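Here the structure comes first, spelled out in structure tokens, and everything after it is commentary.
Bear in mind these aren't lab numbers, they're just calculated from the coordinates by the rules spelled out. No experiment lies behind these values; they were computed from the predicted model shown. Cβ placement follows ideal geometry from the backbone for every residue including glycine, while neighbour counts extend to all protein chains displayed.
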Amino acid sequence: MNTDHTIKDSISGGWVEHMPAPLRPYLRLSRYDRPIGFWLLALPGWIGLAFAALSHGYDKSDIKWAILIGIGAIAMRGAGCTYNDIIDRDLDKMVERTALRPLAAGTITVKSAWVWLVLQCLVGLVVLAFFPRLSQIIAVSALTLVAAYPFMKRITFWPQAWLGLTFNWAVLVAYSAKTGQVTPSLLLLYFGLVFWTIGYDTIYACQDIEDDAMIGVKSTARLFGKKTKQYMLAIYVLSVSLIAIAVCLSSQPYYIVSAIPFAGHLLWQIFRLNSKDGKACLELFKSNKIAALALITGFMLAKLL
């Protein structure tokens, strides 16, 4: 069985390509060759910790929660991608960008993928054991969202909204771990991040518009069409507005300035967006790591200064 498939949007010459050949398909299945997803799953958790610090301050436990969230994000993003590829293996064969994914290309079997999925979930369970009971309950509640996500692109033009609900769940887990509660301001922050995800995943979906149209896969990129920039502006305005309101409700109103760098980055994305340039869309999508780090930095500086 040939295991030397390089996926189109993977990091060229990355560490995955230097691993033993039998391991490479599993690492690619979990997207270790495309680490931006690990960032985008972990960063909402770290945002939750920084947001909680606005009203509860910082303590030594923050480092512990941050490390656990990072490990959990790696395990569960890998598990989620594995599950997604198991469900989507037939669709992936028909899309240029995904045709060389391990299951679509036949470099590993479905049975092996299920075993790999279980192993990654076990790592996630070990990490979850270190969290308080409320956080554990919240984390487990996300499993329904994760299980349903691969099917959303088949039934709705808004799979990006479902991804937003799923990918930002860590903000609820992290905040509840630090504070022991779930507050209205936290929920506003969560939905603000959901709209952020709708925006950046729309940019990502612009790469596949033509292939998706041919095989019947739905996305906001297809739905918005020529008005993508206008819709993106509205979505990002909603995101920043909800986050700003959350900050005002949770702490001092002047802390609202902490969201300015984040808002600026989102505005920059809209100006740079060219939905017909797949390579540029991928780079814009990846830049959302910087957007999230800007929000975390804004929260930290607001509290410290």
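A few remarks follow.
- Rg ratio (alpha-carbon, reference 2.2 N^0.38 Å) - the chain: 0.99
- Working note: 222 nm ellipticity from helices only, DSSP H runs with n ≥ 4, each -39,500 (n - 2.57), summed and divided by the residues of the chain, gives -23000 deg cm²/dmol to the nearest 500.
- Lys, Arg +1 and Asp, Glu -1 on Cβ, resulting dipole of the chain about Cα centre, debye, nearest 20: 220
- Greater than 26 Å apart at Cα, pairs in K229/K279; K226/K279; K153/K279; K93/K279: none
- Using R0 = 35 Å, the C-beta based FRET efficiency linking A213 and I67 works out to 0.25.
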